[in-house]
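Structure, as structure tokens:
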């Protein structure tokens, strides 16, 4: 059962709301130096990006009461920003569009908004910007009435990624499987060796991001001239159910083939059932098993191989 919302959580939410509305100028008389208030500008924006629309989609997108929206539209129309005409398909509705003379105002608002946001972000480092955008995406995903399908992308590793991979492995495998810090130590050794010896011609690391947040990883490292090793496949619990594990493995297989490897090998353990299913579907064969308790609980280590040639 979900715990009651703590009073300090409510106050923290309110404090952030006050900070953010002030920071982006939402309380200014004219948004981004325009003659429009925030509600007017948002309605004006929705009409502009749609080209032509009706009141219904705007009310739904902005969560506005029909009566309030009607008053906003009337004001925009009277001031020469918006025009209405009957909908040929339904005489009960009206088509909304920008007046041609209002297009320069729309363009100026968009340019000012981008400039002001650019100035805010300019004072942050690259990593800080990434963190901020990821945090904003997380807030949007958590609070949206209906959560859209997340955007999942893969990219090469960069500074800071190895620390996240180590932390995620330590937290997830301790919590879900009861493995000891010795497993985290092994992951640290693998990551350190990868960074020290990394050869981009024959090795690669993929970082998966979901709406800007790191949620997965996989590595291909060179074992010998004909053999690549797949290592540290990870899908964070929040990203499961989107086929990400299979996508990461497919990328690793395609890279190994493109680099001329004849076989791909990996080592895993029998509690990791979901990963085993991915390997089996990708064509890997189980070639060896052995019992061990290297990470605390007793388990079966498994060696798998995929013929690429």
Filter the range 74-92 for residues that are surrounded by 14 or more Cβ atoms within 10 Å (Cβ to Cβ) and modelled with pLDDT under 90 and give the result. 84, 87
In the range 86-120, the residues that are in a strand (DSSP E or B) and either touching a residue at least 12 places away in the same chain (Cβ under 8 Å) or not assigned by TED's automatic domain parsing to the domain that holds residue 56 (or both): 87, 93, 94, 95, 96, 97, 98
Got at least one residue in the range 172-190 being in a helix (DSSP H, G or I) and within 18 Å of the chain's Cα centre (by Cα)? no
Can you pull out every residue in the range 121-132 that is part of a helix (DSSP H, G or I) and at pLDDT below 90? 126, 127, 128, 129, 130, 131, 132
Among the listed residues 134, 144, 159, which satisfies the condition of being surrounded by fewer than 17 Cβ atoms within 10 Å (Cβ to Cβ), in contact with a strand residue (DSSP E or B) (Cβ under 6 Å, 6 or more places away or on another chain) and farther than 25 Å from residue 253 by Cβ? 134
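The values are calculated or read from the model by the stated rules, or taken from the named source; none is laboratory data. Quick caveat: nothing in here was measured; it's all calculated off a predicted structure. For neighbour counting, all protein chains shown are included, and Cβ atoms are generated from backbone atoms with ideal geometry for every residue, glycine included.
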